[in-house]
Amino acid sequence: MNITHWLTTIDLLRTRDFPVEHGRTDVGTGGPGYHIAELQTSGDFWEDDGTEREETETQFEFDRDGLGERLNERWGAPDVISLADTFDRAGDGEDIPEPWASLSSHVPDVQLWKPAHEDRWIALGISQWDKELPFQLLAVVTETAPP
């Protein structure tokens, strides 16, 4: 875990212009109105009996919460937002803005801050597309409020 590096990445994205097109960036992905930084990625779990996956998930939660504590010192306690309803609404055909539409398909919930006097939201979440695939600790910086 490298909280100092992660905080530097988040601070960089808070001031960086958003990409004009959706695509890969030097720290993850981005598009009009958002950056998603892939702060940490685990290995996969194809050969795992479930033990390593459980331990890795616990470690990623610990790392997210440790980083979250540092962000709490800056902006106070976060809102914890479930993205399950957002995922359901997108599946029902509702037009959900990015980055929330794609995040909702692989991140169950996020810790969310809206720093005073800033026009950007900052979110932390843990991604996992499927039980055999890696976990990722994600930091999101976006000008789009969660739906």
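The values are calculated or read from the model by the stated rules, or taken from the named source; none is laboratory data. Quick caveat, the model's predicted, so the values are computed rather than measured. Glycine gets a Cβ as well: all are built from the backbone with ideal geometry, and neighbour counts include every protein chain shown. In case anyone asks, the SASA skips ligands and DNA or RNA and just uses the protein heavy atoms, side chains included. Shrake-Rupley method; radii C 1.70, N 1.55, O 1.52, S 1.80 Å.
For segment 106-115, which residues satisfy the criterion of being part of a loop (DSSP other than H, G, I, E, B) and surrounded by fewer than 23 Cβ atoms within 10 Å (Cβ to Cβ)?
Of everything in segment 106-115, those that are part of a loop (DSSP other than H, G, I, E, B) and surrounded by fewer than 23 Cβ atoms within 10 Å (Cβ to Cβ) turn out to be H106, P108, K114, P115.
Could you tell me whether F45 is in contact (Cβ under 8 Å) with a residue 60 or more places away in the chain, over 22 Å from D119 (Cβ atoms), under 17 Å from the mean Cα position of the chain (by Cα) and open to solvent by less than 60 Å² (accessible area, probe 1.4 Å)?
no
What is the residue count in segment 1-28 for residues that are without any contact (Cβ under 8 Å) to a residue 40 or more places away in the chain, surrounded by 11 or more Cβ atoms within 10 Å (Cβ to Cβ) and either within 12 Å of V140 (Cβ to Cβ) or in contact with a Ser or Thr (Cβ under 8 Å, 6 or more places away or on another chain) (or both)?
2
Cβ-Cβ below 8 Å, separation at least six or inter-chain, first residue in segment 116-134 and touching a residue at least 60 places away in the same chain (Cβ under 8 Å) and under 17 Å from E38 (Cβ atoms), second part of a strand (DSSP E or B) and of a type in the set (S, T, Y): which pairs?
Here the result reads P134/T41, each pair linking segment 116-134 to a residue that is part of a strand (DSSP E or B) and of a type in the set (S, T, Y).
Name every residue in segment 81-97 that is open to solvent by 90 Å² or more (accessible area, probe 1.4 Å) and in contact with a strand residue (DSSP E or B) (Cβ under 6 Å, 6 or more places away or on another chain), in order of residue number.
Hits for segment 81-97: nothing passes.
Could you tell me which numbered condition E118 fails, if it satisfies all but one of (1) of a type outside the set (S, T, Y); (2) part of a loop (DSSP other than H, G, I, E, B); (3) more than 13 Å from I10 (Cβ to Cβ); (4) open to solvent by 50 Å² or more (accessible area, probe 1.4 Å)?
Evaluating E118 over (1) of a type outside the set (S, T, Y); (2) part of a loop (DSSP other than H, G, I, E, B); (3) more than 13 Å from I10 (Cβ to Cβ); (4) open to solvent by 50 Å² or more (accessible area, probe 1.4 Å) leaves (3) as the failure.
So how many residues does segment 121-147 have that are in a strand (DSSP E or B) and open to solvent by less than 30 Å² (accessible area, probe 1.4 Å)?
Summing the residues that are in a strand (DSSP E or B) and open to solvent by less than 30 Å² (accessible area, probe 1.4 Å) in segment 121-147 gives 12.
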